[in-house]
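Enquirer: Just passing along the structure, written as structure tokens.
Derivation of every value follows stated rules applied to the coordinates shown; laboratory data play no part. Note that this is a predicted model, so its numbers are computed, not measured. Cβ coordinates were reconstructed from backbone atoms using ideal geometry, including for glycine residues, and neighbour counts include every protein chain displayed.
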Amino acid sequence: MIKPILKVALDVPLDRQFDYLSNGAPVQVGQRVLVPFGRRQQIGIVMALADTSEFALEKLKPVSQVFAEEAPLDAAILNIIKFCAEYYQYPFGQALLASLPARLRQIAPAVSRKQFAYRLTDLGRSIDLAILPKKQLILQRVMAALHSDDLITEAALDAISSGARKTAKNLVAQGWAMSEQVQAGLTAPQMPVTAVPTLNGEQDQAVKAILQDVQAFKAWLIYGITGSGKTEVYIRLMQHLLQQESDSQILVLVPEINLTPQLEARFQSRLPEFPLVSLHSNLSESERLHHWQLAQSGAARIVIGTRLSVFTPLPHLKLIIIDEEHDSSYKQQDSMRYHARDVAMVRAKHLNIPIVLGSATPALESWFNSQVNETQSTKYQRLHLRERAVTAARLPHIECIDTTKVNLQQGLTPQLVNALKLRLAKGEQSLLFINRRGYSPVLLCAACHWIAQCMRCSSRLVVHLRQKKLSCHHCGHEQRIPNQCPSCGDADLHPIGHGTQRLEQTLAALFPTARIARVDRDSMSRKNALVEILNKVHNQEIDILVGTQMLAKGHDFPNLTLVGVIDTDSALHSPDFRASERLFAQLMQVAGRAGRADKAGQVIIQTQFPDHVLFNALRSQDYESYANAMLQERETVQFPPYVFTAMLRAEANDYALVQKFLQNAFNFAREQNSQVTIYDPVRPQMERLKGMERGQLLLHANKRGSLQQLLKILVTHLRGLPIATKVRWAVDVDPLEF
Ligand code: ADP
Ligand code: ZN
Ligand code: ZN
């Protein structure tokens, strides 16, 4: 007998579910349905089936459609989202719908697109590659790929170039190739089989320790510098667990899309028998849906993805791996502000499975949690990989150059210029790291000291000389570079300071024959642009790379022996107490780019503060002592991880509204007499953003539980306030930014 009432979660900012009548179609909990809501139709998820409703039955509307051909969401995933909605103080329905691929939020059955693959016809096979026009690079590469592999999928074509699908279709029209439909995402790629290294002692111990106890929840932190063989340890663990049971699944989280292709290729070449899918925002909507469905059905044994993929249904999940666990991109900065690492931790606990975090510079939270101390047992088991795995590889030599003591040439010290010269002469590659895109961060009037400011944000406009534009990196506002000062009319306007574009230009002038490439958000906006540049670096077609943090992570360049770091001093004195932690991690990562193979690397850091403790620790690559020092500092001032924090953020066109709202929250929270410290409302460093005046209220507590209790009643109170509709507000639990 079908129960007549469906309780449905909808994508609306209300913390409740909605009752509908069954339309007679069989339906299960977790199923996707279409329901009338107000004057529209909305997608919802069935959360429960019931016999009764608190509303009169004649008031209830029937569901419009049950998407019965789709598998329902399982209880495990619904539970984890329920936990998150409560913990992060976010409406459950919105959290749930946001966790799904976009296609599942649309009003249509989610049938997956079939993927095509191509193979050569006899005619195509008879074509001599040498006769192909030299200029048609994509054609050459596609033909070469078809020649060497039997079957090339669309995904493999995308890896060649964004234009490769079109080329393949043309080949079909020409009769050189034919296409066929394949089970997308699951064709085993033709990867060169790589040699399997013998684990060193520490790796071996790590693998054995973790495998000893895989039947229960346990958290591990693998701590080791870049190249210490962490990924190799992941691979061994995966291999073991995937072979042990015929249906086991493994989730691997990475902080950035750009890191997935490399890791994907490495996993596929080492674990070719296990179907792998990736999940990230560079996929098309239909690819994303398809990959997600392969994960949900259990067909994909390995899922590798970014932040959001922590919510992927995986019926046979046996292990979660979080690479670069310290990375702040695991934290969602709007809507539900979850931290994927923390969510994964809870998920592993729910499922009673192990979770492995890896980093060269663990987040201070994780470091703290993995510390052995007398009073409480450690939450994470720390495993230290001390050596670089490849014995021939040497640690880079790191030095700081005091920029106040030398003459800078367009922002470059003579030491760095000479080191660059030397690499060019030896045919080795260099990387210059500067965390600022654009030409220069400031446009200044020499006569009256006017500075170009964004009208909508409390920020300066960045000069983009090539585009002849000023641009706000916070709201995207753009305007032409004025010919004269808007304040005094003088024409003497100067770009001050350096960004990637200016550095690129300086280098081109200094080294006219060098092949220079710039990697930042502006130059890499095209799909596959980064992959193409990285390929060029590998093929020795680039001598000097200039770029932002996009370059810092995970890319292995064997012939790169010099890393220069330009002007990161502002982070040393930032009011954000986490800025130095992030800088240390970033610099360790960039430094790790130098000399990975058998060539020694050199790192030159230009700074006004060469004796800063951060640089001292960096020079000896001693994260441990730096982390311990930072922890002591945090304990003294009672900052996280010694306390638990939440931030109530609010914004409106008019600051008076923000103030009134936050004051109300402040008064209400104080009245509760809880164990939570409530600070006065203040303005954040960026007072205005996108035309909105901002304010925030910080709460902190010694116990997570006390904070959670207060937040719950506070948020309920705030949701009922009339003024709450006049400001945009959000609660950020465990905020990363202050
Ligand atoms: P990480 O993930 O810590 O940066 P990787 O696992 O990527 O380190 O290892 C760095 C390099 O060393 C890779 O090329 C890897 O294949 C190789 N490698 C890892 N472990 C070993 C080992 N035990 N013996 C030889 N080479 C190894
Ligand atoms: Zn002026
Ligand atoms: Zn702006």
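Enquirer: What is the ratio of the Cα radius of gyration of segment 317-427 to 2.2 N^0.38 Å, where N is its residue count, to two decimals?
Expert: Details: Rg = 21.2 Å, N = 111, 2.2 N^0.38 = 13.2 Å.
So segment 317-427 has a normalised radius of gyration of 1.61.
Enquirer: Using alpha carbon centroids, what distance separates segment 314-360 and segment 671-738, in Å?
Expert: Distance between centres, Cα-based: 25 Å.
Enquirer: Another question, if that's okay. Note down the relative contact order for segment 644-733 as a percent, whole number, built from C-alpha pairs under 8 angstrom at least six residues apart. List each step's numbers first, then the result.
Expert: On the way: 151 pairs, mean separation 41.0, N = 90.
It rounds to 46 percent for segment 644-733.
Enquirer: Using the Cα centre as the reference, give the magnitude of the dipole from point charges on the C-beta atoms of the chain (Lys, Arg: +1; Asp, Glu: -1; all else neutral), rounded to the nearest 20 debye.
Expert: The calculated dipole for the chain is roughly 1340 debye.
Enquirer: Among 436-445, 277-286, how do they line up from the highest to the lowest mean number of other beta-carbon atoms within 10 Å? Display every interim value, and only then the final one.
Expert: Details: 436-445: 21.6, 277-286: 18.9.
Taking the mean over residues of other Cβ atoms within 10 Å, the ranking is 436-445, 277-286.
Enquirer: Follow-up. Hey, what did segment 115-182 get for relative contact order, percent, Cα under 8 Å, at least 6 apart?
Expert: About 52 percent, as a whole number.
Enquirer: Taking the Cβ-Cβ separation of Asp569 and Ser281 as r and a Förster radius of 30 Å, what is the calculated FRET efficiency to the nearest 0.05?
Expert: Plugging the Cβ-Cβ distance into 1/(1 + (r/R0)^6) gives 0.35.
Enquirer: Can you compute the label reach from Ile107? Point 7 Å from Cα along the Cβ direction, backbone N cut-off under 18 Å, restricted to segment 60-83.
Expert: 61-68, by backbone N distance to the label point.
Enquirer: Under 15 Å from the Cβ of Ile80, count the other residues' Cβ atoms, weight Lys and Arg +1, Asp and Glu -1, and hand me the total.
Expert: +2
Enquirer: Could you work out the per residue convex hull volume over the alpha carbons of segment 424-498, in cubic angstrom?
Expert: Hull volume normalised by residue count: 119 Å³.
Enquirer: Listed highest first by mean packing, meaning other Cβ atoms within 10 Å per residue, what order do 665-674, 78-87, 44-53 come in?
Expert: Going from most to least packed, we get 78-87, 44-53, 665-674.
Enquirer: Same structure, new question: Let me check the size of segment 586-712 from its C-alpha atoms; what are the radius of gyration and Dmax in Å?
Expert: That works out to 21.1, 64 Å for Rg and Dmax.
Enquirer: Separate question: Using the Kirkwood radius over Cα pairs, work out the Stokes-Einstein diffusion coefficient for segment 554-658 at 20 °C and 1.002 mPa s, in µm²/s as a whole number.
Expert: The diffusion coefficient I find is 132 µm²/s.
Enquirer: Rounded to whole Å and sorted largest first, list the principal axis extents of the Cα atoms in segment 115-182.
Expert: Per principal axis, max minus min of the Cα coordinates gives 31, 25, 21 Å.
Enquirer: How large are Rg and Dmax for segment 254-360 when only the alpha carbon atoms are used, in Å?
Expert: Expressed in Å, the Cα Rg and Dmax of segment 254-360 come to 13.3, 38.
Enquirer: Modelled label-to-label distance, Ala71 and His612, 7 Å Cα→beta-carbon offset: nm?
Expert: Taking the simple label geometry, Ala71 and His612 are separated by 5.0 nm.
Enquirer: A further question follows. Could I have the simple spin-label model distance between Arg704 and Arg40, label points 7 Å from Cα toward Cβ, reported in nm to one decimal?
Expert: 3.6
Enquirer: So what's the net charge close to Leu151: Lys and Arg +1, Asp and Glu -1, counting the other residues with Cβ under 9 Å from its Cβ? Walk me through the intermediate numbers first.
Expert: Details: positive: Arg119; negative: Asp149, Asp150, Glu180.
Its environment carries a net charge of -2.
Enquirer: Taking the convex hull of the Cα atoms, report for the chain its projected area averaged over all directions, in nm².
Expert: Working: hull surface 150.4 nm².
Spelled out: convex hull of the Cα atoms, projected over all directions, averaged, 37.6 nm².
Enquirer: Taking each pair of distinct Cα atoms in segment 5-105 once, what is the resulting Kirkwood hydrodynamic radius in Å? Let's see the in-between values first.
Expert: Values: mean 1/r = 0.0730 Å⁻¹.
Here the Kirkwood hydrodynamic radius works out to 13.7 Å.
Enquirer: Further question on the same structure: Residue farthest toward the positive end of the dipole of the chain, with Cβ of Lys/Arg at +1 and Asp/Glu at -1: which of Phe18, Gln293, Ala452?
Expert: Ala452
Enquirer: Another question, then. Could you work out how much longer the chain between Glu256 and Phe83 gets when fully extended? Use 0.36 nm per residue separation minus the Cα distance between them, nm to one decimal.
Expert: 59.8 nm
Enquirer: Can you give the FRET efficiency to the nearest 0.05 for Ala491 and Asp576, using r as the Cβ-Cβ distance and R₀ = 41 Å? Before the final figure, lay out the partial values.
Expert: Working: r = 37 Å, r/R0 = 0.91.
Here the calculated transfer efficiency is 0.65.
Enquirer: I would also like to ask the following. Fewest Cβ neighbours within 10 Å first, please rank Ile604, Ile516, Ile107 accordingly.
Expert: Listed from fewest to most nearby Cβ atoms, that is Ile107, Ile516, Ile604.
Enquirer: Scaled to the compact-protein estimate 2.2 N^0.38 Å, what is the alpha-carbon radius of gyration of segment 201-385, rounded to two decimal places?
Expert: Taking the Cα Rg and dividing by 2.2 N^0.38 Å, one obtains 0.97.
Enquirer: If you don't mind, there's one more thing I want to ask. State the extension gain, in nm to one decimal, for the chain segment bounded by Asn664 and Arg480, taking 0.36 nm per residue of separation less the distance between their alpha-carbons.
Expert: So the extension gain works out to 62.0 nm.
Enquirer: Please give me the summed charge of the neighbours of Thr404: other residues whose Cβ is under 13 Å from its Cβ, Lys and Arg +1, Asp and Glu -1.
Expert: -3
Enquirer: Which shape class applies to segment 644-733: rounded if a/c is under 1.5, otherwise prolate when a/b exceeds b/c and oblate if not, where a ≥ b ≥ c are the square roots of the Cα gyration tensor eigenvalues?
Expert: Prolate, since a/c reaches 1.5 and a/b exceeds b/c.
Enquirer: In deg cm²/dmol, rounded to 500, what helix-only [θ] at 222 nm does the chain give when every DSSP H run of at least 4 residues adds -39500 (n - 2.57) and the total is split over its residues?
Expert: -9000 deg cm²/dmol
Enquirer: What ranking do Glu399, Glu154 get, fewest neighbouring Cβ atoms within 10 angstrom at the top?
Expert: Lowest to highest Cβ neighbour count: Glu399, Glu154.
Enquirer: Given points 7 Å out from each Cα along the Cα-Cβ axis, report the Asp680 to Glu633 separation in nanometres with one decimal.
Expert: Between Asp680 and Glu633, the label points sit 2.6 nm apart.
Enquirer: Using θ = phi - 60° and the Karplus curve 6.51 cos²θ - 1.76 cosθ + 1.60, what whole-Hz ³J(HN,Hα) does each residue of segment 10-20 get, with Gly and Pro shown as x?
Expert: After applying 6.51 cos²θ - 1.76 cosθ + 1.60, I find 10, 7, 10, x, 10, 8, 7, 10, 10, 8, 9 Hz.
Enquirer: Let me know the Rg and Dmax you get for segment 472-540 when you use only its Cα atoms, in Å.
Expert: Rg and Dmax of segment 472-540, Cα atoms, are 16.7, 52 Å.
Enquirer: Among DSSP beta bridges lying fully in the chain, give the percent that are antiparallel, nearest 5.
Expert: About 55 percent, rounded to the nearest 5.
Enquirer: Fewest Cβ neighbours within 10 Å first, please rank Arg466, Arg593 accordingly.
Expert: Arg466, Arg593
Enquirer: Any idea what the relative contact order of the chain is, in percent, if you count C-alpha pairs under 8 Å spaced at least 6 apart?
Expert: Result for the chain is 10 percent.
Enquirer: Let me ask something else. What full-extension length gain, to one decimal in nm, is calculated for Gln453 and Leu408 as 0.36 nm per residue of separation minus the Cα-Cα distance?
Expert: Net length gain for the segment: 13.5 nm.
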